[in-house]
Amino acid sequence: MQRVALYCHTMASLLGLRGPELEDIVRGALLHDIGKIGIPDAIVLKPSALTADEWALMRAHPLLGSELLEHIDFLSGARQLVLEHHERFDGAGYPHGIAGLDICIGARLFAVADTVDAMTSDRPHRRPVSWRRARDEVKRGRGSQFDPAVVDVFCSIPSCEWEAAIQVGNAEERGLEIPPEVLAIWLASCFTRGFEAADGTSVWDRLTLFGAGESSLAKL
């Protein structure tokens, strides 16, 4: 699973999304840039700044991606995320400039996930930043680039979970072995968040009390 899809899954699960809706978000995140196959490689892979004409073509890739998925029934739910993944909460995005809750929840989640992924990933032209710096950048975009509710959910997740998700995503992308202690934290967060024990307490909070949460990962 690509990192950005993993991050979307983490936040969507915390919002209580399950079943087909969650699957659509993950599929949409995985396919978000599929429309770029209709853009010339000379533009997609250009190392320097795009010209105005090239940028106009690049901005068409969400529309192209949506058209590619139009007649694939099992991807109908993912199609809206593909179409809207460059929209902004304040309406300054593209291709249609829609705003607020008119943007599908998958695309609103993706906007945060994609920013976090871009900032915390190792790129040829720059080193990754820390999760905390990425979080601060997301908080600055609250209400403008990002849905405030999604930012609040993102910021509510303990740093240990995001750091584990980042390590899992990086290892998965590079074909590396995931450290068992990191995998344990990530799996615990995936399968316990949103569930309560019989006494009404959070299962994740109870695991944290027993050392499976932030304190143990902080030692890594």
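The values are calculated or read from the model by the stated rules, or taken from the named source; none is laboratory data. Because the structure is predicted, anything quoted here is derived from the model rather than measured. All Cβ positions, even for glycine, are placed from backbone atoms using ideal geometry, and neighbour counts span all protein chains on display.
Below, the figures for the structure above:
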| quantity | calculated |
| --- | --- |
| Pick from region 145-159, criterion within 17 Å of ARG133 (Cα to Cα) and assigned to a helix (DSSP H, G or I), ranking: modelled with the lowest pLDDT | SER159 |
| Candidate set: region 106-125, residues that are aliphatic (A, V, I, L, M) and buried (at least 20 other Cβ atoms within 10 Å of the Cβ); chosen: the one nearest to the chain's Cα centre (by Cα) | ALA113 |
| Neighbours by Cβ (under 8 Å, 6+ apart or cross-chain): first from region 11-37, modelled with pLDDT under 90; second surrounded by 16 or more Cβ atoms within 10 Å (Cβ to Cβ) and not in a helix (DSSP H, G or I) | SER13/ARG193; LEU14/ILE157; LEU14/ARG193 |
